[in-house]
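Enquirer: Input: one structure, supplied below.
What follows is calculated from the coordinates using simple rules that are stated; it is not laboratory data. Here the structure is a predicted model, which means the values were calculated and not measured. Backbone-built Cβ (ideal geometry, glycine too); neighbour counts: all protein chains shown.
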Amino acid sequence: MGLSSILKAAVAICLTVFLTACATNQGSGNSGYGSDTNLEAEEANNEVTVTIKNFVFEPALIKVSAGDTLVFVNEDTAPHTATDVGGVFDTGNIASGESGRITIADAGTYEYFCEIHPNMKGRIVVVE
């Protein structure tokens with residue numbers, strides 16, 4: 001194996017470790033938010049998945065385009081909701097293993113929480 005092959009393999013391993021660490025980054029503290037990962041939709045009218053697991057929304061901070069659909073997937077054993085503080089959206093109860101969908105048409109910042117477990121919080125930033 002030549003030096004070039006070894007360097008390529010080392011770069012690939014470092015990149016894999018870095019991306020894995022970024023994907024598994026978890027938040028801490030008592031804010032009620034999960035990680036501060038910013039998931040950004042690349043094109044309008046995409047579906048963006050938010051996982052509900054271990055009583056947190058993951059990612060807790062999302063940036064999407066107006067008209068994108070957010071799919072909340074409940075991987076917990078308890079039911080959850082994704083409910084906007086201002087009343088713009090509410091998924092209703094999402095049972096374990098189920099999902100709920102919302103689409104936000106207007107740009108702005110939306111704070112949401114779980115009505116059943118109010119310490120669970122998230123934020124959606126919608127851009128035009």
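Enquirer: What residues have an amide H closer than 5 Å to that of Val48, excluding those fewer than 5 places away on the same chain, when H is modeled at 1.01 Å from N in the peptide plane?
Expert: Thr69, Leu70, Val71
Enquirer: What is the sum of charges around Glu75, taking Lys and Arg as +1, Asp and Glu as -1, for the other residues whose C-beta is under 11 Å from the C-beta of Glu75? Kindly include the intermediate steps, with their values, before the conclusion.
Expert: Values: positive: Lys53; negative: Glu58, Asp76, Glu98.
Summing Lys/Arg as +1 and Asp/Glu as -1 gives -2.
Enquirer: Next question. Using Cβ contacts closer than 10 Å as the measure, can you line up His80, His117 from fewest to most?
Expert: Arranged by neighbour count, lowest to highest, His80, His117 become His117, His80.
Enquirer: Stretched out fully, how many nm does the piece from Phe55 to Val127 gain, at 0.36 nm a residue minus the Cα gap?
Expert: Answer, rounded to one decimal: 23.2 nm.
Enquirer: State the extension gain, in nm to one decimal, for the chain segment bounded by Ser96 and Asn46, taking 0.36 nm per residue of separation less the distance between their alpha-carbons.
Expert: 15.6 nm
Enquirer: For Asp84, Asp106, Asp90, Asp68, what ranking results if the residue with the fewest other Cβ atoms within 10 Å of its Cβ goes first?
Expert: Asp106, Asp90, Asp84, Asp68
Enquirer: Ok, one more. Can you sort Val126, Val50 by how many other beta carbons sit within 10 Å, fewest first?
Expert: Val126, Val50
Enquirer: Over all distinct alpha-carbon pairs, what is the Kirkwood Rh of region 71-128 in angstrom? Present the calculation step by step, with values, prior to reporting the outcome.
Expert: Working: mean 1/r = 0.0858 Å⁻¹.
For region 71-128, inverting the mean 1/r across all distinct Cα pairs yields 11.7 Å.
Enquirer: List, in order, the whole-Hz ³J(HN,Hα) value for each residue of region 100-114 obtained from phi through the Karplus relation with A = 6.51, B = -1.76, C = 1.60 and θ = phi - 60°; use x for Gly and Pro.
Expert: x, 10, 9, 10, 10, 8, 9, 5, x, 10, 10, 8, 9, 8, 9
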